[in-house]
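The values are calculated or read from the model by the stated rules, or taken from the named source; none is laboratory data. Since the model is a prediction, treat every value here as computed from it, not as a measurement. Cβ: placed from backbone, ideal geometry, glycine included. Neighbour counts: every protein chain shown. Calculation scope for accessible area: heavy atoms of the full protein, side chains included, ligands and nucleic acids excluded. Shrake-Rupley method; radii C 1.70, N 1.55, O 1.52, S 1.80 Å.
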Amino acid sequence: MTPASLSSLVSLHLRPTTDMSFRRGVVRQSKFRHVFAQAWKAEHCIDDVRVSRVTWDSPLCAVNPKFIAVIIEAGGGGAFLVVPLSKSGRIDQSCPTVCGHAAPVLDIQWSPHDDNIIASASEDCTVKVWQIPDSGLASPMTEAIVTLEGHSKRVGILAWHPSALNILLTAGCDNLICVWNVCTGELVYQLPDAHPDLIYSVSWNKDGSAVCTVCKDKALRVIDPRRGTVLKVKEKVHDGTRPMRAVFLSDGKILTTGFSRMSERQLALWDTVSRRFTEGFVELHPKQMFNNRPQSLTNATCVFQKDLSEPMAVQEMDTSNGVLLPFYDPDTNMVYLCGKGDCTIRYFEVTDESPYVHFLSLYSSKEPQRGAGFLCKRGLDVNKCEIARFYKLHERKVEPISMTVPRKSDLFQGDLYPDTAGLEPALLADEWIAGQDAPPLLVSLSGGYSAPPSKHRDTLRGKPKLVSQDSGTGTSTPTSAAKEADEEAPQPRAPTRETDGNVERPKREDDLLNELLAEMKALRAVVLAQSQRIELLERQLARIEDGDV
């Protein structure tokens, strides 16, 4: 055997298994390959919605299992519409709105731990937090329960903490990131020097220990907001000058959308600890050439890169001008891309197999979209194998679009619906501020989802009502009554948790007992506070009748 033929056999034997020649004719298996999108009928759409014409690149819509909120045109200020999710048909022009901002609203986000709490960011440099009644708005809402003032320029980005109660991140055109404790209205952390230019996007990681951001300087940053330090930086994630977006995936990877130097829209996947194999010369004995043992690659080197130096995958799509807004589903590891001004919604599946980002299909329609709202898993119809639902904003209409996996069985499809994030927070705000981290607490969607009563649900909405209820002449406050109620009421047991992998699941019986006891304490505190208030007013009335005042 000649040396040339020997070297050719060695190179053939060491050819990487990722070579597509070995996969020719093989179709990748995935349960999401046949996902199809279908728009709802016209009678289920919401008509005559005056969608905002603001040029800010935000979805302009936020959805949860109870309500849909849409930023609308408003004269002399900023407003957004809130209607029940079941609402359909024409919206009357006299329909009440949330209209407490003095300038146009740029972004809105529902709280992940309370379906009645929504935050709004505006050009008036403020962020307001609103409590929406269960029955919806009966009159225009102008008074927010919390107003956050800390930015010097317009605020355009909101991001609730995924697992800590009442922690809200905001970013504005002053290149400033602020982290708030919404319950107290306190500015907890401020990052003034992390970004030299306009911030385009902010996304929390799974347990809320870090955020990733993209900026006008084309850099991707991973930041620890509690220490105020930049952990990793990647310069020029996309070469184009138009805005970019970034989202943290559940396994720590980061997916970005942007533009190339030739103005082509791109999708890129980055890994904070990426693995790359470096080819090396391997000496084999002729008798081992055709032996398929792993030892034939023992001399190959494996390099770990922790500086985001190279993307795991890059895909170029088209040359449209609209900014691609990524919506990520951590349960199915799917990414949906909605371009503003596009008529299509593309969806991809992210896996651990090359090329890592797999295009599945796209939904196409005749009318372009002004924005879109993405409904979380708790609001989907599991009986119809619905894995995602969008609310597409037209110029004067909101159109629901369902993404469905075709299945013939009427049974619950557990592979399509793994446990998803529920309303119950894993941490309180003070616990996260103290340095604790935890992933969201998960709930099962088997049989549909119904929100249980929560011992934390009234933490935010009750605070503004109980700050001070006495008049200027009185000295009694509900604080003492609440302390008295705490001493009289039985103390709830600490919930015991069962550990299943990385997920903590509270026992339902203990949680139910804790919630009942917490509600009893809250009701007792309110009753005692009101009784003291009545006694104070009766004493004042008696003094007036006696002529002492």
Enumeration of residues in segment 354-371 that are assigned to a strand (DSSP E or B) and open to solvent by 50 Å² or more (accessible area, probe 1.4 Å):
Phe359, Leu362, Ser364
I need the full set of residues from segment 183-214 which are over 24 Å from Asp114 (Cα atoms) and in contact (Cβ under 8 Å) with a residue 40 or more places away in the chain, in order please.
Gln190, Ile199, Tyr200, Cys212, Thr213, Val214
Can you name the residue in segment 14-42 that is among the basic types (Lys, Arg) and at pLDDT 85 or above and is also most open to solvent (accessible area, probe 1.4 Å) among such residues?
Lys41
Can you tell me which residues in segment 160-202 are out of contact with any Pro (no Cβ under 7 Å at 6 or more places or on another chain), of a type in the set (Ser, Thr, Tyr) and assigned to a strand (DSSP E or B)?
Thr170, Ser201
Of the residues in segment 405-442 that are free of Cβ contacts under 8 Å to residues at least 60 places away in the same chain and of a type in the set (A, V, I, L, M), the one that is nearest to Arg389 (Cα to Cα) is Leu411
What is the residue count in segment 143-172 for residues that are of a type in the set (A, V, I, L, M), open to solvent by less than 10 Å² (accessible area, probe 1.4 Å) and touching a Lys or Arg at 6+ places or on another chain (Cβ under 8 Å)?
1
Would you pick out the residues in segment 304-313 that are hydrophobic (A, V, I, L, M, F, W, C), open to solvent by less than 40 Å² (accessible area, probe 1.4 Å) and farther than 25 Å from Lys31 by Cα?
Leu308
Go through segment 73-84 and count every residue that is at pLDDT 95 or above and either of a type in the set (Val, Ile, Thr) or in a loop (DSSP other than H, G, I, E, B) (or both).
2
From Ser203, Ser260, residue being surrounded by fewer than 18 Cβ atoms within 10 Å (Cβ to Cβ), at negative phi and either of a type in the set (S, T, N, Q) or in contact with a helix residue (DSSP H, G or I) (Cβ under 8 Å, 6 or more places away or on another chain) (or both)
Ser260
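A quick yes/no check of all residues on (1) surrounded by fewer than 21 Cβ atoms within 10 Å (Cβ to Cβ); (2) outside any strand (DSSP E or B); (3) not acidic (Asp, Glu):
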{"site": "Gln315", "(1), (2), (3)": "yes, no, yes"}
{"site": "Asp318", "(1), (2), (3)": "yes, yes, no"}
{"site": "Leu325", "(1), (2), (3)": "no, no, yes"}
{"site": "Asp331", "(1), (2), (3)": "yes, yes, no"}
{"site": "Val335", "(1), (2), (3)": "no, no, yes"}
{"site": "Cys338", "(1), (2), (3)": "no, no, yes"}
{"site": "Tyr347", "(1), (2), (3)": "no, no, yes"}
{"site": "Asp352", "(1), (2), (3)": "yes, yes, no"}
